[in-house]
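Single-structure report; data block below.
Taken together, the values in this text are just the output of simple stated rules run on the coordinates, not laboratory data. A quick note: this is a predicted structure, and the numbers were derived from the prediction, not measured. Using ideal geometry, Cβ is built from the backbone for each residue, glycine included, and neighbour counts are taken over all protein chains shown.
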Amino acid sequence: MPSTIVIGTGIIGIATAYYLARTHGHTDITLVDRDQPMAFTSAQSGENYRNWWSHPAMVAFTNRSIDLMEEIARDSGNRINMNRRGYALATRAKDIDPLVAQLHAGFEDQAEALIRFHDGTGSAAYHGFEKPDWEGVPDGVDILQDRALIAKHFPGYDPEVRAIVHVRRGGDISGQQLGMYMLEYLKQNGLTRITGEVSDIQAGDGYRVRIETADGPLDARADQLVNAAGPFAGRIAAMLGVELPVQNVMHQKIAFEDREGAVPRALPFSIDLDPQTIDWTDEERELLLQDEDVAWMAREMPGAIHCRPDGGDKGSWIKLGWAYNESATEADWQVTLDDNFPDIVLRGASRLTPALKTYIGQLPRNMHHYGGYYTMTKENWPLIGPMGPEGAYMNCALSGYGTMAACAAGELCAAWIAGSEKPAYAEGFSLARYGDEALMTSIREAGKGLL
Ligand SMILES: Cc1cc2nc3c(=O)[nH]c(=O)nc-3n(C[C@H](O)[C@H](O)[C@H](O)COP(=O)(O)OP(=O)(O)OC[C@H]3O[C@@H](n4cnc5c(N)ncnc54)[C@H](O)[C@@H]3O)c2cc1C
């Protein structure tokens, strides 16, 4: 069996090694990371998952990943804390045709069967979201336009909300537990782990990787190499003379204890789709507009602010996030957060969930503010497959969906390495897509979707 060095023990490197060993019996694997497993981007994940995308390949990819996560949940007594309360996308718009069209584009010929409308005229029943785990929850999408039904099931939402698109195959998991579950399997099957920073790679008769460890430099050799270096994937590729079309965009979240019970514990992952202008006082707005560096905070902000309960039914914390940043930056081991973010995201989230206003100006002291990079291609599709030089592979650019897609991404990269049969989406997620103009056009037309 060929030997493999995987650079990066985030969720993507771990999942690649896991499927390489588990499905293909390639157990001569060395995992290299400068830090502990799951310590960088993978530690910052919101850990949400969904099968809602505007392109069928992304739907198939995440559906496959959810199948694999469910398999692990089943086999492990749900160690990964998988639930399935779905994604509730809320809008005040009366016309939701563009949203419905996006669902049709993603689900293609299955859309008719998967989408159920609840506008007060039909007979379809809407099943709520009280079930605490992932089994036995309906598939598909419920579209609620009946205001009384919305008020009954989502009493805490802004009363101006006119429609909710409830994507049922979605929820959250513990990404950390998923990574640990896979690592345990790998350890039992002969995995080698090296802690140190990769500083150089030489090709020729396989790959020689220079690793700067606490005890000095060390050279590791293997027949094959996997670049799963997350935000540093571009740098690792450059060591082999390969330029990857990836960029890093920093995104943040906050988590805090919801002492006032503003967010019901069973609430699905809730997204306010509508753009908004944050309701600063007139005086605050005036001040912000005077300073060009922060004036953006007083102008219209994009939609997709999100909120969810964290830690299960018995927990008391909530998480808020808003991926409004669009500027690419150079990745740094030390991620610089924006001190304004907690206040901005809280005020923004208070629009959909007005009870959150109680925390404005008084977020709990133990509030956790964190962030990391979305490593992404311009079209927001991942890069999985051969990286160029023979025996070198990449599994990167998983943007804001790497936790949910890790299983399918790991499985796919392992299939490329083992030379076994691959799913229909394989070519499209490899570098080959840039030579397929029809595919690139269809990706651009589908749009990036929710980040
Ligand atoms: C704020 C935020 C929220 C998110 N929310 C979600 C979500 O709700 N759902 C979801 O599915 N995804 C989410 N994501 C995305 C998800 O977290 C990432 O896609 C995923 O963690 C990427 O994993 P990775 O293994 O590629 O990268 P990483 O976890 O960054 O792992 C890469 C590893 O490579 C190592 N490395 C790099 N260079 C070197 C080197 N030279 N030498 C040695 N080691 C090296 C690093 O130390 C690191 O451990 C979110 C991301 C962020 C930032």
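The figures follow:
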| item | result |
| --- | --- |
| Ordering of 5-18, 378-391 by packing [mean C-beta count within 10 Å, highest first] | 5-18, 378-391 |
| Aspartates and glutamates whose Cα lies under 17 Å from that of LYS253, excluding same-chain neighbours fewer than 8 positions away | GLU47, ASP172, ASP272, ASP310, GLU326, ASP338, ASP339, ASP343 |
| MRE, 222 nm, helices only [DSSP H, n ≥ 4, -39500 (n - 2.57), over the chain, to nearest 500] | -8500 deg cm²/dmol |
| Table column - 3J(HN,Hα) (Hz), region 215-226, Karplus curve with 6.51, -1.76, 1.60, x for Gly and Pro | 9, x, x, 9, 9, 10, 10, 7, 6, 10, 9, 10 |
| Between region 42-109 and region 200-246, the Cα center-to-center distance that results, in Å | 33 |
| Residues whose placed amide H lies under 5 Å from that of SER3, excluding near-sequence neighbours | ASP223, GLN224 |
| Relative packing of peptides 65-73, 46-54 - highest average C-beta neighbours within 10 Å first | 46-54, 65-73 |
| Whole-Hz couplings from phi, Karplus 6.51/-1.76/1.60, listed for region 74-88; x for Gly and Pro | 5, 6, 10, x, 6, 4, 8, 6, 6, 10, 9, 8, x, 10, 9 |
| For ILE143, residues with placed amide H under 5 Å, excluding near neighbours | ARG116, PHE117, HIS118, HIS166 |
| Listed residue pairs exceeding 20 Å between alpha carbons, taken from LYS131/LYS314; LYS378/LYS422; LYS131/LYS152; LYS314/LYS357 | LYS378/LYS422; LYS314/LYS357 |
| Simple spin-label estimate for ALA328 and ASP436 in nanometres, 7 Å along Cα-Cβ | 2.2 |
| Sequence-distant lysines (8 or more away, or on other chains) whose Cα lies within less than 16 Å of LYS187 | none |
| Cut-off under 5 Å, modelled amide H: who pairs with ASN48 long-range | none |
| Peptide ranges 211-222, 166-177 listed from the most packed, as the mean C-beta count within 10 angstrom indicates | 166-177, 211-222 |
| Distance between region 396-434 and region 294-336 - C-alpha centres, whole angstrom | 27 |
| For region 297-310, Karplus couplings with θ = phi - 60° (6.51, -1.76, 1.60), whole Hz, Gly/Pro x | 5, 9, 9, 5, 10, x, x, 6, 5, 9, 8, 7, x, 10 |
